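Asker: My structure is below; once you've seen it, I'll send some questions.
The values are calculated or read from the model by the stated rules, or taken from the named source; none is laboratory data. Here the structure is a predicted model, which is why all the values come from computation and not from measurement. Every residue, glycine among them, receives a Cβ derived from its backbone with ideal geometry; neighbour counts consider all protein chains shown.
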Amino acid sequence: MDKIRLYFPDLTNQQEQQFEQLGALYREWNQKINVVSRKDIDHLYLHHILHSLAIAKVITFKDDATILDLGTGGGLPGIPLAILFPNVNFVLIDGIKKKIKVVNEIVNSLGLTNVEALQQRSEERKGRAFDFIVTRAVAKIEKLRLSSIHLFKEEQRHALPNGIIALKGGNVKEEIKELPKSAYLEVYPIKELFPEPFFEEKSIVYLQY
């Protein structure tokens, strides 16, 4: 939790309480349903919550924006971002029912009113409803592009045009080669945002819709 305070010093009291509570909730639920690697639960704040919040160092979502967390798993990166941006609407989807059950329980316990969690795949969603799609360790960027291209709003409200913001590990150069030559993307090394060794080979890939 100290790392969250270090990099996000302007949290309100409510946000601090929610982030504190989030750790306890994940520990509790992880004993019942494995949503975070058991060996990794002791590093929850650094490896999972702070990692999720790296997105907020690249973009500040505007009030009333709508964000889709595709393949949310246990609610990452969506839940930490929803705490940080209480006036932004988040839809968290995953194809696995038990994971969405955990997400809903955590969301309800935190009192987050800006989150909707559904058992669903991106192909099942209709309509251009989202400013951005966020993901964490879900699929290759080209597969994400093809499966979500129908989901973006035409209206642009942010400095970054609508698109995908994906948290990636390792070398992303091979993934990027699979994209069409016309694709516009930016890569942000997370070690430049958070200097902890854990983030040495992690990056944020932004792909414009």
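Asker: Could you tell me how many of the residues in segment 123-137 are farther than 9 Å from Lys153 by Cα and small (Gly, Ala, Ser)?
Answerer: Adding up the residues that qualify gives 1.
Asker: While we're on this one: Pick from segment 123-154 the residues that are farther than 21 Å from Gly169 by Cβ and either among the β-branched types (Val, Ile, Thr) or surrounded by 16 or more Cβ atoms within 10 Å (Cβ to Cβ) (or both): which of them is modelled with the lowest pLDDT?
Answerer: By that ranking, first place goes to Arg125.
Asker: Also, I was wondering about something else. Within the group Tyr184, Tyr188, which residue is under 25 Å from Gly74 (Cα atoms) and not aliphatic (A, V, I, L, M)?
Answerer: Exactly one of Tyr184, Tyr188 is under 25 Å from Gly74 (Cα atoms) and not aliphatic (A, V, I, L, M), namely Tyr188.
Asker: Oh, and also: Exactly one of (1) touching a Lys or Arg at 6+ places or on another chain (Cβ under 7 Å); (2) in a strand (DSSP E or B); (3) not basic (Lys, Arg) is unmet by Gly73. Its number?
Answerer: (2)
Asker: I would also like to ask the following. Does Ala65 meet the test of being buried (at least 21 other Cβ atoms within 10 Å of the Cβ), farther than 23 Å from Pro189 by Cβ, of a type in the set (Gly, Ala, Ser) and touching a residue at least 12 places away in the same chain (Cβ under 8 Å)?
Answerer: no
Asker: Related question: Do we have Val102 as outside any strand (DSSP E or B), over 24 Å from Thr12 (Cα atoms) and among the aliphatic types (A, V, I, L, M) here?
Answerer: So Val102 passes the test.
Asker: When you scan segment 72-90, do you find a residue that is among the aromatic types (Phe, Trp, Tyr) and free of Cβ contacts under 8 Å to residues at least 40 places away in the same chain, even just one?
Answerer: Yes, segment 72-90 contains a residue that is among the aromatic types (Phe, Trp, Tyr) and free of Cβ contacts under 8 Å to residues at least 40 places away in the same chain.
Asker: Then there is this: Quick check on this structure: which one of Ile55, Ile59, Ile41, Ile67 is part of a helix (DSSP H, G or I) and under 16 Å from the mean Cα position of the chain (by Cα)?
Answerer: Of Ile55, Ile59, Ile41, Ile67, the one residue that is part of a helix (DSSP H, G or I) and under 16 Å from the mean Cα position of the chain (by Cα) is Ile55.
Asker: Another question about this same structure. May I ask you to list pairs of residues, at least six apart or on different chains, whose Cβ atoms are under 8 Å apart, with the first in segment 125-141 being closer than 19 Å to Lys177 by Cα and the second being among the aliphatic types (A, V, I, L, M) and in a strand (DSSP E or B)?
Answerer: Ala137/Leu167; Val138/Leu70; Val138/Ala166; Ile141/Ile164; Ile141/Ala166; Ile141/Leu185; Ile141/Val205; Ile141/Leu207
Asker: Just to be sure, is Tyr184 over 22 Å from Leu84 (Cα atoms), among the aromatic types (Phe, Trp, Tyr) and surrounded by 12 or more Cβ atoms within 10 Å (Cβ to Cβ)?
Answerer: no
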